[in-house]
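One structure below.
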Number of protein chains: 2
Amino acid sequence: MTAYEELMGFQRETEALGQVMGRLSWDAETMMPRGAAEQRAEEMGAMDGVLHARRTDPRIGAWLEAAEPEGPVETRQVALIRRGYERSQKIPADLSAALARTRSLSHRVWAEARENDDFALFAPKLTEVLALTREMAACLAGDGPLYDALLDSYEPDMSEAGLEAMFGALRPRLVDLRDRIMGSDRVVPALDREFAEAGQLRLSSALARAFGYDESHGRIDKAVHPFSSGSGLDVRITTRTQPRDPFNCFYSTIHEVGHACYEQGISRDYLLTPLGRGVSMGVHESQSRIYENQIGRSRAFTGWLFGQMQAEFGDLGIADAETFYATVNRFSSGYIRTEADEVDYNLHVLLRFDLERDLVAGRLYVDDLEAAWNERFEKDFGVAVDKASNGVLQDVHWSEGYFGYFPTYTLGNVYAGCLHAALRADLPDLDAALAAGDTSPATGWLGEKIHRHGGLMTQSDLIEAATGKAPTEAPLLDYLDAKFGEIYGL
Amino acid sequence: MTAYEELMGFQRETEALGQVMGRLSWDAETMMPRGAAEQRAEEMGAMDGVLHARRTDPRIGAWLEAAEPEGPVETRQVALIRRGYERSQKIPADLSAALARTRSLSHRVWAEARENDDFALFAPKLTEVLALTREMAACLAGDGPLYDALLDSYEPDMSEAGLEAMFGALRPRLVDLRDRIMGSDRVVPALDREFAEAGQLRLSSALARAFGYDESHGRIDKAVHPFSSGSGLDVRITTRTQPRDPFNCFYSTIHEVGHACYEQGISRDYLLTPLGRGVSMGVHESQSRIYENQIGRSRAFTGWLFGQMQAEFGDLGIADAETFYATVNRFSSGYIRTEADEVDYNLHVLLRFDLERDLVAGRLYVDDLEAAWNERFEKDFGVAVDKASNGVLQDVHWSEGYFGYFPTYTLGNVYAGCLHAALRADLPDLDAALAAGDTSPATGWLGEKIHRHGGLMTQSDLIEAATGKAPTEAPLLDYLDAKFGEIYGL
C-alpha cells in the first residue's frame, strides 16, 4: 500500500467513528430517555477521546509527509486531512473531551430552561460551555483573533472582518426594505385556525419527498429544534409542529431537507472521506435556504402547496393562490429566527453575530446575555421580548458550543442569492415544474453544480464554478427587493 | 493515582464505548433506514477496532500486575477485567472487526429473508457469520472444544458437558409431561378475535410499569424481534404485536422488562464498570423468564390482567379469570419459541442447542440447516414446519453470531425455578399483591437478591446466596408438573 492509501484507510475509519458520534447526538435530541444524560456525557467524552487520539495520531504526519497524491481529488483529500490534523493537534485531549461532555449535558439543560422560560437555569451551563469554547479558540488562534478561530470550524478561510464588511453592506438595505414594508398599507392575511399535527406531519413528509429527500437513506422525527444529522447513506432530519403555524413545520422540513439532500447527493466515491461532507456551513445553509425560500416560498411552488394544504386541511381561510403566496411570505416582525420572513431573518442573524462576538471576546458575560439580547432585540425590531423562549433561549446553537455558526446562515443566504440567479438563468421554464410540485429541475441543477462535489472545491471556487462569478450580496438584495416590493406594493 | 484507579479509569471509558456500540445495534434494529446497512457495517467495524485495541491495550497488563485491590468488590473488578483482557488478546483485531461488520450486515439480510420466508436468501450470509464465529472460537479454545469457548462468552465456566447432563435430566420429564398434557381431554380455549395494535401497545406499557420498568432510563419501541439493550442509565427494550395474539406482545414486553430491570437495578456504584452488567446470560434469562412466567403467568397476576384486558378491549370471549389463567398458559405445540408454553419452550431450546453444536463442530452445513431443522422439529413436536419464518428463520440469534446463547434460556428457566421456590417461601402473601397488579414484593425480592449485585458474584454463588442451595433443575420441573398438572387435570 502507498502512504496515500494507508492514510485514506485510516481516515475512513475515523470518518466512520465521526458518523457514530453524530448519530449519538441525533439520538440525544430525539430518542434518549431523560435520565440518561449523565451517562451519555461520559459516552460522548469517551468517543471524543477516541476521535481526538485518531485525529492527532502521529502516523498521520508521517503519511502526509510521504503521500504523493495524484490529480485534484487526491490532492484535495490530502489538503483537508492536513488541515484537520493541524487543527486537532492544537487542542489538548482533555479539553476536547471536557467540551464533548459539557456540550452533551448542556443541551438537555437548555431544553429544560427553554421549556420553563428560565434563562437563569441555563446560564451556569452556558458559562461552562463558553469558557471551554474560548479556551479551545485560544488554542486554535495562537496570536490571532479568537472569533476567527471558531469561524474557521464552520467556514474555512472566512474572517470576522470579511463578515463585517459583507454584513455592513447588507444591513442598510435590509433595514431600508424593512422600513418600507412596515410603511406599506397593503394587508397580507395570516393563517388563523388550528392544523392537526397528524396532517402537518403527513404533508411534511410529502414535501420532503417532493424536494428529493431519500427516506431509504434517512428518516424524519420530531425534535425541539429542527436539524439535519449524518452523512453518506444515513442522513436524518427532524422537524417540529405548532398547531396554529403549519408553515413552521413545513418550512423547517424543507430547510432540513436542503441540508440532507446536499449530504445524500455527494458522489458515493467520496463516502467516508473528507470530501464526503458539505464543504462549509455557509454552502450548507445556502442549500437549506434556497430549498426553503427561493424554491419553497416561490409563487409557483406555493401555488401547488395551496392545493395540497386545502386537500389535507380543507378551507384555509385564504381566498386564492395569489393571496396564499403573500401569506407564506408575510412580513411578521416576530421573535423567532426560524419562523422569520426572508428580510427579518438576516437581522436576527446579525443580532446573534454581534452578541456572540462580544461573548467570545469577553466583552459580555453570560449573566448579562439575556438583558443584552432583549435590549438589542427591541432596538432592531421595535418589540420587547415577552419570554426567554422567544428570546435568548430560542436557538440550540450556543448550548452546543456552536459559537461562530450563526453568520453562516446569512452567508448561506448570500450564496443562495447567487445560485438562484444562475439557476433561473439556466432554467427559464422552472416555474411550470414548480407549479406542479416538481422541484427536480432546480434540485437537479443544485445536485449537479453543488451537491455531488462534496468538499472537492473551496466554497468560493464552488460558487464561482456554479454561477460564473465570485459571490456577492447583490443578487440576494435584488431578489428580496423585487419579491417584497411586489408583495407589499412598494 | 494507584494502578487500580488507573485501570478503572481506563476501563470506565471502555465500558462507555461498549454502551455506544450497543446503542448502535439498538438503532440498527429500530430506527436505521434500510439503505444505511453498508455504512453501518463500516461504523461497527471501526467501533470494534477501537474496542478491541482498548481491550488488548498492554497497559492493562501492567496495571493488572501492579494493582492491589482491596475487598471483594475491587478483587472482583480486577478478576473480570483480567478475564476480558485474556480473552480479547486471543482474538486478532482483523477477525474481530470482520465479525462486527458481518454481523451488522447479516441482521438486515436475516430480517429480509424472514419477511420473504426464504432461507436461501440468508444462507450465504449465515455461512460467513458461522465461519468467522468458528474462527474466533478456535482462537479462544486453544486445544479445548469450540462450543465451550463460545458458551463462555454468555455463561462463564459452563461447559457443553455440564449442559448435556442438565438437559439430559430435563428432557425425559418434559417429554413425559408434554405427552400427558396432549393426552388430556381438558379443553383450554384460545383467544379468538383481533386486538387493536394501539391497545396492545398501551397495555404493554402499563405492564412494563407494573413490573417496575423505569422509562426515565429507558424506552419501548417496536422491532422484528423483541430485545433489551444497554446498561446503567439507558436500558431500552423492544416488543412486537400480532393482531390475533396480544399475549405475544404482553409477554415479550414482560420478558424484556425482566432483562431491563436487572440492568436498571444494579447498584449505581458499579455504573460503567465490569460489575455494572448482569453476571451471565443464564442469570439474565432467569430474570426475564421469572418475570414473564412464574410471576406474569401466575394465577394471581393473570387475574388482574384479565380485568385490564377487558377494560382495554371489551369482551375477550373468555368466561372468567380462572379460564383466562388456563388460556394464558394454554399448551399450544406451536412453531415459535418466544410464544411457546413453559413446557414446550425448553424443547425448542434443546432443538437449537443440538443444531448449533452440530454447526459449530462442522458436522452440519448451513446449506443443510433448514432441512435438519424441519426434520428435528417434526420429530420433537409432531408437526411439519409450514414456512421458514415459523422454522429456522424465526430467531435473530444466529444472524448476529450468537452461537452458544440459546442454552442460557433453559439455564435461565432452571435458575428461575430455584429463585421462584425461594421467593415464594420468603413471601407467603405474594399472591394477594399480584392479584392487585402489584408485582413489587416479587420484583423487590429479586432486586435485593439478584439485581443490585450486578457482576459481584459468580452465577452459582449468586443463586446459592439467594436460595440457600446450589441450583438444580428439580424446582423447575416440580413447578411445571404442579402448574400444568392442575390446568390439564393430570
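Each value in this text was obtained by applying a stated rule to the coordinates, not by laboratory testing. All values reported here derive from a predicted model rather than from experimental measurement. All Cβ positions, even for glycine, are placed from backbone atoms using ideal geometry, and neighbour counts span all protein chains on display.
Okay, here's what the table says:
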| item | result |
| --- | --- |
| Förster-model FRET efficiency, 51 Å R0, residue A:115 and residue B:66, C-beta, rounded to 0.05 | 0.55 |
| Average beta-carbon neighbours from other chains, 10 Å sphere, peptide A:25-33 | 4 |
| Long-range amide H partners of residue B:401 with built H, under 5 Å | none |
| Shape call, the stretch B:160-487: gyration tensor on alpha carbons, a/c limit 1.5 | rounded |
| Centroid-to-centroid separation of the stretch B:413-480 and the stretch A:138-198 [C-alpha atoms, Å] | 64 |
| The stretch A:245-262 - phi-based ³J(HN,Hα) in whole Hz, Karplus 6.51/-1.76/1.60, Gly and Pro as x | 9, x, 5, 3, 5, 5, 7, 5, 4, 4, 4, 5, 4, x, 4, 5, 5, 4 |
| Residue pairs, from the table B:449/B:469; A:449/A:469; B:222/B:483; B:387/B:483, whose Cα atoms sit over 22 Å apart | B:222/B:483; B:387/B:483 |
| Estimated distance in nm for a label pair at residue A:363 and residue A:90, the labels positioned 7 Å out from Cα along Cα-to-Cβ | 2.2 |
| In sequence order, calculated HN-Hα J values of the stretch A:194-201 (Karplus, 6.51, -1.76, 1.60; Hz; x Gly/Pro) | 9, 10, 4, 4, 4, x, 4, 5 |
| Counted charge near residue A:357, where neighbours are those whose Cβ lies closer than 11 Å (Asp, Glu -1; Lys, Arg +1) | -4 |
| Backbone HN-Hα couplings from phi across the stretch B:43-48 [Karplus 6.51/-1.76/1.60, Hz, Gly and Pro as x] | 5, 5, x, 5, 4, 4 |
| Expected 222 nm ellipticity per residue - DSSP helices of 4 or more, -39500 (n - 2.57), all of chain A, to 500 | -21000 deg cm²/dmol |
| Beta bridges per DSSP with both ends in the protein assembly as shown, % antiparallel, nearest 5 | 40 |
| Residues with amide H under 5 Å from that of residue B:222, placed H, sequence gap 5 or more | B:239 |
